[in-house]
Amino acid sequence: MSAPLTPPAAREAPTLRDSRPGRDWEALAAALRRLLSPRAVVRTGEPMARRTTLRVGGPADLYAEPADEADLLALVRFCADHALPWRVLGRGSNLLVRDGGVRGVVICLAQSDFVTVRVQGAEIHAGAGARVKAVAAAALQHGLAGLEFLEGIPGSVGGALRMNAGAFGGSTFAVLERVRVMDPQGAVRERPAAELPVSYRNCPLLATHLALSAVFRGRPDAPAAIRARLAEFSRRRWQTQPREPSAGCIFKNPAALPAGRLVEELGLKGTRVGGARISEVHGNFIVNDGTATARDILELIHRVRAEARARRGIELEPEVEIVGED
Ligand code: EPU
């Protein structure tokens, strides 16, 4: 029997204590390379700034891309056996990694087995590491409608499932048929979407389970009509959202009003800390001018929350996931 995986609560915010200071990461990486198939990628000290759309974040102690599900299982068991905290990275589009980086192991499902998208009838089968936009593109190619809103989501399928990501009135679970998940013990099961409770920007099961792949359902429609809707969503997105590096919306929309409008009403658009700035285009985006640190962005988040609380009595909750150490 293999040891159970690191409990998810311990994975959420790895600390130095979790991964024991003074671990020999090079030796652990070498052991992992021997364990995984030759196509797998294993590196130490991988800068997370390279792997997040905000372009900030220090290094991960150990970074691994398993080649297939067998590798993934071996990897999470290795982490359990060596008491290494781990977390999965999607496309890093909703993630703020602190400047000190991530202690433990960052797993990325970027290899070919995890990024395939194929269409069967009205079903679109996508690996957790596939880009959400690739799902929208496959739907268009096969004349399947209903997934056009995915065009507006910059992340991976796994990230979109975890967040029940949405745009332009659509949400991930509204078009999802079923999802294959790995539980904390490494057992894989397919679950119908209807069985999984979800809410605004949250699928709680995926805080503890790892999504491996998903099946979406479209409805047949004329490709020209689908293409027109995709183009319209894309146009609206580029008109209302900034082009500079960002993590999408920083805050969840509070009940009272959209966070972007609130930031605008508070007169905070354009506020700058170091290389980070609240976008003039959309108040719920923080953009990186290329020189920002995670600390700059966290300071901006802190200022917006403090102003919203003091002047409007509104508690803004970050939508981006904030991980790692200062
Ligand atoms: N608004 C302002 N000022 C601003 C920004 C927005 O007044 O600076 C107003 C808009 O005019 C509009 C309202 O606020 O009346 C809502 O704005 P928008 O249509 O841009 O939508 P949103 O609620 O800000 C949500 C999602 C986005 C998604 C868009 C498009 C959240 C937190 N955000 O934004 O998702 O792309 O709808 O459908 O739910 C993300 O999740 O990262 C994200 C960007």
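Whole-Hz Karplus ³J(HN,Hα) for segment 271-276, in order, using 6.51 cos²θ - 1.76 cosθ + 1.60 and θ = phi - 60°, x for Gly and Pro?
4, 10, 10, x, x, 9
Could you list which residues have their amide H under 5 Å from that of Gly101, counting only those 5 or more apart in sequence or on another chain, with H placed in the peptide plane?
Gly58, Glu325
Just to be sure I understand the model, the point goes 7 Å from the Cα along the line to the Cβ. What's the resulting Ser37 to Glu69 distance in nm?
Inter-label distance under the simple model: 1.3 nm.
Which residue, Val281, Leu161, Ile124, has the largest displacement toward the positive end of the dipole of the chain when charges sit on each Cβ (Lys, Arg +1; Asp, Glu -1)?
Value: Val281.
Going by average Cβ density within 10 Å per residue, which order do the peptides 204-210, 60-66 take, highest to lowest?
The most tightly packed comes first, giving 60-66, 204-210.
Could you tally the net charge around Asp68, taking each other residue with its Cβ under 11 Å from the Cβ of Asp68, Lys/Arg +1 and Asp/Glu -1?
Around Asp68, the charge tally is -3.
Can you check what the net charge comes to around Arg51, using other residues whose Cβ is under 15 Å from the Cβ of Arg51 (Lys, Arg +1; Asp, Glu -1)?
With Lys, Arg at +1 and Asp, Glu at -1, the neighbours total +2.
What value in Å³ per residue do you get for the convex hull of the alpha-carbon atoms in segment 9-112?
93 Å³
What is the dipole size for the chain, taken about its Cα centre, with +1 at each Lys and Arg Cβ and -1 at each Asp and Glu Cβ, in debye to the nearest 20?
Rounded to the nearest 20 debye, it is 440 debye.
Restricting to Cα atoms and excluding each atom paired with itself, what does the Kirkwood estimate give for segment 243-323 in Å?
After inverting the pairwise mean of 1/r, the radius is 12.3 Å.
Return a whole-number percent for the relative contact order of segment 9-112, with Cα pairs under 8 Å and 6 or more residues apart as the contact set.
Relative contact order, segment 9-112: 34 percent.
At a Förster radius of 30 Å, what calculated FRET efficiency corresponds to the Cβ-Cβ distance of Arg311 and Glu244, to the nearest 0.05?
0.65
Give a quick list of GluC sites (Glu not before Pro) in segment 145-247 that DSSP marks as loop, anything other than H, G, I, E or B, with at most 14 other Cβ atoms within 10 Å.
Listed in order of number, the matching sites amount to none.
Report, largest value first, the span of the C-alpha coordinates of the chain along each principal axis, in whole Å.
55, 49, 32
So, in nm, how far is label Tyr200 from label Glu26 when the simple model puts each one 7 Å beyond its Cα toward the Cβ?
With each label point 7 Å from Cα toward Cβ, the separation is 5.1 nm.
Take every Cα pair under 8 Å in the chain that's 6+ residues apart, average their separations, divide by the length, and report that relative contact order as a whole percent.
Across the chain, relative contact order equals 18 percent.
How do 156-162, 48-54 rank on mean C-beta neighbours within 10 Å, highest first?
156-162, 48-54
Considering only the other residues whose Cβ falls under 12 Å of the Cβ of Gly90, what net charge follows from Lys and Arg at +1 and Asp and Glu at -1?
+4
7 Å from Cα along Cα→Cβ at both Val188 and Gln141: what's the point-to-point distance in nm?
2.3 nm
Would you mind putting 281-291, 256-266, 95-105 in packing order, based on average other-beta-carbon counts within 10 Å, highest first?
95-105, 281-291, 256-266
Place a +1 charge on the Cβ of each Lys and Arg in segment 243-323 and a -1 charge on the Cβ of each Asp and Glu, then give the dipole magnitude about the Cα centre in debye, rounded to the nearest 20.
200 debye
Helix-derived [θ] at 222 nm for the chain: sum -39500 (n - 2.57) over DSSP H runs of at least 4, divide by residue count, nearest 500?
-9000 deg cm²/dmol
Where a number appears in this text, it was derived from the coordinates with a stated rule and is not lab data. Source: prediction; values computed, not measured. FYI the Cβ positions are ideal-geometry reconstructions off the backbone, even for glycines, and counts take in every protein chain you see.
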